[in-house]
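A.B. asks: Mind having a look at this structure? Questions to follow.
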Ligand code: G3I
């Protein structure tokens, strides 16, 4: 409404608003603001609160799909026949227990959402003894349903770092040697434990910073430089040569600085002979603009030209991004189907994994700022376990648009 009223003068209005607000704050701090200025300051603060309440208020979108007749079931994995194309979903133990029949019917693969991360495999999250019990329940439960398992993730510099690792490395006479040994031990212990049960692993996750084209500043990068990636993959290949080893990254665009930097990293790793089998593009669609199919296709071409396979490993799509669309659920379906169509048609791409089954308890609802900008509702089934329009759209895309 505000943008319609102010229209073209909106940028000027915003500048005037910000400048007067800052000036008033300075005057107030210097106790030189007269009564009238206090009134203006209070009025402007009121405007900020009103805009904030409007912007952060959860939206309610009509679930038109719920009023329509339930479409004939088109289980997702059935659309790819015997092609070997992975159709996967990330699961926690409760999801695996509650929805075993649906998982078996719709998918041919699962990824433990958190259970196989480094810190999660350790007793109390600390360097030392392992506790594989929960991870084994998920891996063995999935395999009992006839599903493959993707392992996620052996080395991640952003989160899930074992308690005690920073201190151990920081206090060592040889920090680099100590970290290399800790990584080698973890990778060997994990791959040996899951040998024969997990055929593909994310070995390293998100080597880039989330906010720039630089390498992420974490204990691995600081201590070993980018060579930590080489080391992780060489340890994994040595521990179990039968496992497909993936480097996993999140890109929000496929023709920008971060995506170019990631390609350069891949070329460098390839030149150094690092044993990487495939690249995981996470595929979280959570910020506008939604990447175009053309940019995505061109990026896959560039990765394939380097000799790598590709999978989309963590696909989801925030519903709130389509606020203002005639039907946000249809817009969400179209965005995800575009990605899946490109993935399914590209000769180097061998799978798509969705980062969750249903909207209930999705990770966005736990993480600011997304938790303040609802509904996130990023998955194929809603919180009442009804298939959303995106499910039928993905089934069509997996079937080659049939
Ligand atoms: O299990 C504990 C629970 O006992 C405790 O009460 C609760 C409150 O602190 O935390 C629970 O653990 C949380 C866990 O998710 C299970 O819900 C952790 O705090 C929370 O950090 C963890 O977040 C996960 C995040 O990775 C960090 O590991 C998300 O579920 C998971 O979806 C997210 O997945 C990542 C991928 O691994 C990598 N790519 C990005 C993707 C999304 O961030």
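The values are calculated or read from the model by the stated rules, or taken from the named source; none is laboratory data. Quantities reported herein were computed from a predicted structural model and do not represent experimental measurements. Cβ atoms come from the backbone with ideal geometry, glycine included; neighbour counts cover every protein chain shown.
A.B. asks: Can you run down the residue pairs with Cβ atoms below 6 Å, 6 or more apart or on separate chains, where the first is in region 95-122 and away from the ligand (no atom under 11 Å from the Cβ) and the partner is part of a helix (DSSP H, G or I)?
C.D. replies: Note: pairs meeting the criteria are 96/138; 96/141; 107/77; 108/77; 110/142.
A.B. asks: Any residue in region 76-84 that is at positive phi, surrounded by fewer than 16 Cβ atoms within 10 Å (Cβ to Cβ) and in contact with a strand residue (DSSP E or B) (Cβ under 9 Å, 6 or more places away or on another chain)? Spell out how you get there, then give the answer.
C.D. replies: Taking region 76-84 as the starting set, the residues that turn out to be at positive phi are 81, 84.
From what is left, the residues that are surrounded by fewer than 16 Cβ atoms within 10 Å (Cβ to Cβ) are 81, 84.
So of that shortlist, the ones also in contact with a strand residue (DSSP E or B) (Cβ under 9 Å, 6 or more places away or on another chain) come out as 84.
Yes - at least one qualifying residue is present in region 76-84.
A.B. asks: Within region 234-263, can you find the residues that are within 21 Å of the chain's Cα centre (by Cα) and assigned to a helix (DSSP H, G or I)?
C.D. replies: 257, 258, 259, 260, 261, 262, 263
A.B. asks: Consider residue 169 carefully, then state whether it is away from the ligand (no atom under 16 Å from the Cβ) and either free of Cβ contacts under 8 Å to residues at least 24 places away in the same chain or over 30 Å from residue 226 (Cα atoms) (or both).
C.D. replies: Working: away from the ligand (no atom under 16 Å from the Cβ): yes; either free of Cβ contacts under 8 Å to residues at least 24 places away in the same chain or over 30 Å from residue 226 (Cα atoms) (or both): no.
No.
A.B. asks: Then there's this: So residue 150 clears everything in (1) assigned to a loop (DSSP other than H, G, I, E, B); (2) within 14 Å of the ligand (Cβ to nearest atom); (3) farther than 19 Å from residue 220 by Cβ except one condition, right? Which one?
C.D. replies: The number of the failed condition is (1).
A.B. asks: Note down all Cβ pairs under 6 Å where the first residue falls in region 365-377 and is closer than 21 Å to residue 329 by Cβ and within 12 Å of the ligand (Cβ to nearest atom), the second is at pLDDT 95 or above and not in a helix (DSSP H, G or I), and they're at least six residues apart or on different chains.
C.D. replies: Between residues of region 365-377 that are closer than 21 Å to residue 329 by Cβ and within 12 Å of the ligand (Cβ to nearest atom) and residues that are at pLDDT 95 or above and not in a helix (DSSP H, G or I), the close pairs are 365/376; 370/376; 376/318; 376/362.
A.B. asks: I need every pair where a residue in region 301-316 that is assigned to a helix (DSSP H, G or I) has its Cβ under 6 Å from the Cβ of a residue that is more than 12 Å from the ligand (Cβ to nearest atom), sequence separation at least 6 or different chains.
C.D. replies: Close Cβ pairs (under 6 Å, with a partner that is more than 12 Å from the ligand (Cβ to nearest atom)) amount to 302/263; 303/279; 303/310; 304/348.
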